[in-house]
Amino acid sequence: VEGPERAFFRRVGETIVAGDAMRMVQFRKAGSVITGFRFENGKGEDLNYGCYISSVGATITNCVFTRASMNYDRAGAVYNVDGYCADCVFTNFTHSGGYGGVYYQQGDSAVAERLVIYNNGKYNDFYASGACTIDGGVLRNSTITNNVFTRAGNGSPVGGVRLRSGRLENCLIAGNVG
């Protein structure tokens, strides 16, 4: 989202089909908001395929990220640097290589809450990571279940959450294989 100082999208029930798109939405302005979209069938090769939040005060809420594949670095669906992500669902992703899983969060101001991350897989991974990586900020009141992540390179595999820095608060992390 590059538009005016405050960009706002709202389309409940709409589906954004990515095809081979590398990144569908990027937030660079504080106050940018996207809510109510369904992102599916994306295919990424670097950083992420879905939403890249790179501004304090940028927000993504009430979105579904499903049926996509990622083949390199960081998050498959959302890469959140100091933004806010809430009430989103992440399911049916495959990820091979790189690190980060489906949701990647970085920066002390980053906040995610009420996320549901389930039935995702990461295979032939060089780095240890999980369905989500928290590298700053807080992940709270979220559910991370039934994700399968394997490793072929460095470190031990992590199925659920890789906590590098930051905090987890009141999260259910269960049934993950790593």
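The values are calculated or read from the model by the stated rules, or taken from the named source; none is laboratory data. Owing to the predicted nature of the structure, the values given are computational and were not obtained by experimental measurement. As a convention, Cβ positions derive from the backbone with ideal geometry for all residues, glycine included, and neighbour counts pool all protein chains shown. Protein only, heavy atoms only, side chains kept; ligands, DNA and RNA dropped before computing areas. Shrake-Rupley method; radii C 1.70, N 1.55, O 1.52, S 1.80 Å.
Scanning region 141-164 for residues that are closer than 26 Å to D108 by Cβ, open to solvent by less than 50 Å² (accessible area, probe 1.4 Å) and modelled with pLDDT of 90 or more yields S142, T143, I144.
Take the conditions closer than 14 Å to V78 by Cβ and at pLDDT 75 or above and apply them to R23. Does it pass?
Working: closer than 14 Å to V78 by Cβ: yes; at pLDDT 75 or above: no.
No: the conditions fail for R23.
Scanning region 30-63 for residues that are at pLDDT below 80, among the charged types (D, E, K, R) and either open to solvent by 30 Å² or more (accessible area, probe 1.4 Å) or in a loop (DSSP other than H, G, I, E, B) (or both) returns K43, E45, D46.
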